[in-house]
Amino acid sequence: QVQLVESGGGFVQPGGSLRLSCAASGFTFTTATMAWYRQVPGKHREPVTIANTDGTTNVDISVKGRFTISRDNAMNTVILQMNNLKPEDTAVYYCCAYFRRAYYWGQGTQVTVSS
């Protein structure tokens, strides 16, 4: 079955960095669009950044220049490098795989940015 396992969340001060990792299994990784979403209480889950199967990426304007997504097709892993973190980046971050017209989600990892 499809499994997405996130790691790397935690607590960081403003201006700091975190690296989230998502290990994928149970599907053909190279055929899936991979993405990171985030969600805060009371709001919808929102896309942060997307890594397409053709190697291109899309980044939400709120994190452009600070967050970078990368995928390692050999290791079935997708990474979110987050730099210059701000308090408004505090959220639960979810790894997402999209293929065959379906979305699959990891369990989420908490990122808290606070002084």
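Listed values, structure above:
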| item | result |
| --- | --- |
| Any hit, the range 38-51, residues being in a strand (DSSP E or B), among the hydrophobic types (A, V, I, L, M, F, W, C) and open to solvent by less than 40 Å² (accessible area, probe 1.4 Å) | yes |
| Candidate set from the range 95-107 (those that are under 11 Å from the mean Cα position of the chain (by Cα) and buried (at least 17 other Cβ atoms within 10 Å of the Cβ)); member that is nearest to Leu18 (Cα to Cα) | Cys95 |
| Some residue of the range 59-70 being farther than 15 Å from Gln3 by Cα, in contact (Cβ under 8 Å) with a residue 40 or more places away in the chain and either open to solvent by 40 Å² or more (accessible area, probe 1.4 Å) or not in a loop (DSSP other than H, G, I, E, B) (or both) | no |
| Tally of residues being exposed (fewer than 14 other Cβ atoms within 10 Å of the Cβ) and of a type outside the set (S, T, N, Q) across the range 6-15 | 4 |
| Residue in the range 74-94 that is more than 12 Å from the chain's Cα centre (by Cα), surrounded by 11 or more Cβ atoms within 10 Å (Cβ to Cβ), of a type in the set (Ser, Thr, Tyr) and at pLDDT 95 or above present | yes |
| Pair list, Cβ under 9 Å, 6 or more apart: the range 104-115 residue on the phi > 0 side of the Ramachandran plot, other residue open to solvent by 50 Å² or more (accessible area, probe 1.4 Å) and modelled with pLDDT of 95 or more | Gly108/Gln39 |
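The values are calculated or read from the model by the stated rules, or taken from the named source; none is laboratory data. Model, not experiment: these values are computed from the prediction. A quick note on method: Cβ atoms are made from the backbone with ideal geometry, for glycine too, and the neighbour counts reach across all protein chains shown. Areas reflect the complete protein model, heavy atoms only, side chains present, ligands, DNA and RNA absent. Shrake-Rupley method; radii C 1.70, N 1.55, O 1.52, S 1.80 Å.
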